[in-house]
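Structure, as structure tokens:
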Amino acid sequence: MIFSRVCRCCLCVFVICCGLSAGCDSTTIGAEAMTDDRYAQEREQMVQKQLKRRGISDERVLSAFRRVKRHLFVPQNYLDLAYSDQPLPIGHNQTISQPYIVAFMTETLDLKETDRVLEVGTGSGYQAAILAQICQEVYTIEIIPELGRSARKLLADRGYTNVHVRIGDGYKGWAEHAPYDAIIVTCSPTHVPEPLGKQLAEEGCMIIPVGKKFAQELIRLRKKEGELVEESVLPVRFVPMVNDGGKRY
Ligand code: SAH
């Protein structure tokens, strides 16, 4: 049952800050508080019904989902659906991922507070914000400049000093900050990119959707004595990982 939902869950993103106006008149402030309150309730329902009920149990992950305001990461015209159980379009032919998939991938990485993580496919920046609540440093790469810039601004405006956004081709990883304790790939190549394997630390964990255009397998890889040990965890469907020319890897 979960799988059929998961399969619909193509990832991806666009970022638009919902920009609550900083008015000083009391009516405006009252309205803002009510809106915030409504979103807080929707967030808690998302955690209970979409995450806990489906088996997400890591308290650090659940707490990150309670704290990060997902409605800031979706376009204004989708605000009403910000906490719904589905991916949402975000422009540039991309979508923001279904909350459950973000949670599942995060939990699967089994992160420690001291971990340094690489994400490929920044999109809206939502996944990066979730990771930033749990681990020490997040390095994230986005190939579409407009998305990368929006995510960078949104995350900086929200005070995330431990997220570093780079615009470029994530197939090649980000060698300057390697090795990474964990790597999360949120777009899908046909194979595991060799540079990412190299940039994973010993005992590090990578989660990546690999396969054909419309049917992929989420794979978890762990590096043991320099070799990547592979395990299939879930059938999924993500947007493709592409190169600078838009061709799929
Ligand atoms: N993690 C995102 C969702 C990502 S969707 C979030 O939480 O919102 C996948 C993203 O991967 C898209 O934004 C797409 O532009 C990007 N992408 C595709 N190929 C890429 C590549 N080679 N390097 C970096 N990003 C890439």
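Within segment 203-244, the set of residues being within 15 Å of the ligand (Cβ to nearest atom) and either within 18 Å of residue 123 (Cα to Cα) or of a type in the set (Ser, Thr, Tyr) (or both) comprises 207, 208, 209, 236, 237, 238, 239, 240, 241, 242, 243, 244. Kindly establish whether residue 195 is away from the ligand (no atom under 16 Å from the Cβ), in contact (Cβ under 8 Å) with a residue 24 or more places away in the chain and open to solvent by 20 Å² or more (accessible area, probe 1.4 Å). No. Does residue 161 fit the bill of being away from the ligand (no atom under 13 Å from the Cβ) and either in a loop (DSSP other than H, G, I, E, B) or open to solvent by 20 Å² or more (accessible area, probe 1.4 Å) (or both)? So residue 161 fits the description; yes. Filtered by the rule that a residue be over 21 Å from residue 98 (Cβ atoms), assigned to a helix (DSSP H, G or I) and either in contact with a Leu (Cβ under 7 Å, 6 or more places away or on another chain) or open to solvent by less than 10 Å² (accessible area, probe 1.4 Å) (or both), segment 134-151 gives a lone residue, 148. Only one of the numbered conditions (1) surrounded by 19 or more Cβ atoms within 10 Å (Cβ to Cβ); (2) in contact (Cβ under 8 Å) with a residue 40 or more places away in the chain; (3) in a strand (DSSP E or B); (4) hydrophobic (A, V, I, L, M, F, W, C) is not met by residue 219, and that is (2).
Quick one: would you say residue 95 is open to solvent by 10 Å² or more (accessible area, probe 1.4 Å), among the hydroxyl-bearing types (Ser, Thr, Tyr) and either in contact with a helix residue (DSSP H, G or I) (Cβ under 6 Å, 6 or more places away or on another chain) or near the ligand (Cβ under 10 Å from one of its atoms) (or both)? Even if it seems obvious, please write down each step before you answer.
Working: open to solvent by 10 Å² or more (accessible area, probe 1.4 Å): yes; among the hydroxyl-bearing types (Ser, Thr, Tyr): yes; either in contact with a helix residue (DSSP H, G or I) (Cβ under 6 Å, 6 or more places away or on another chain) or near the ligand (Cβ under 10 Å from one of its atoms) (or both): yes.
When the stated conditions are applied, residue 95 passes them.
Residue check: residue 102 meets all listed conditions (1) open to solvent by 10 Å² or more (accessible area, probe 1.4 Å); (2) hydrophobic (A, V, I, L, M, F, W, C); (3) without any contact (Cβ under 8 Å) to a residue 40 or more places away in the chain but one, namely (1).
Considering 154, 111, 118, 131, the condition of being at pLDDT 95 or above, more than 10 Å from the ligand (Cβ to nearest atom), among the hydrophobic types (A, V, I, L, M, F, W, C) and part of a helix (DSSP H, G or I) is satisfied by 154 alone. Among the candidates 168, 173, the residue that is under 22 Å from residue 246 (Cα atoms) and surrounded by 22 or more Cβ atoms within 10 Å (Cβ to Cβ) is uniquely 173.
This table checks each residue for (1) open to solvent by less than 10 Å² (accessible area, probe 1.4 Å); (2) aromatic (Phe, Trp, Tyr); (3) within 17 Å of residue 173 (Cα to Cα); (4) at pLDDT 95 or above.
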residue	(1), (2), (3), (4)
199	no, no, yes, yes
209	yes, no, yes, yes
223	no, no, yes, yes
230	no, no, no, yes
249	no, yes, yes, yes
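Each residue in segment 181-202 was checked for being within 19 Å of the chain's Cα centre (by Cα) and more than 15 Å from residue 121 (Cβ to Cβ), and 2 of them qualify. Entry remark, segment 176-190: residues being more than 13 Å from the ligand (Cβ to nearest atom) and part of a loop (DSSP other than H, G, I, E, B) number 2 in total. When residue 144 is tested against (1) within 16 Å of residue 69 (Cα to Cα); (2) within 11 Å of the ligand (Cβ to nearest atom); (3) over 13 Å from the mean Cα position of the chain (by Cα), only condition (1) is not met.
The values are calculated or read from the model by the stated rules, or taken from the named source; none is laboratory data. Keep in mind that this is a model prediction, so the values were computed, not measured. Neighbour counts are summed over all protein chains in view; Cβ atoms, including those assigned to glycine, are modelled from backbone coordinates with ideal geometry. Side chains included, ligands, DNA and RNA excluded: accessible areas come from the protein's heavy atoms. Shrake-Rupley method; radii C 1.70, N 1.55, O 1.52, S 1.80 Å.
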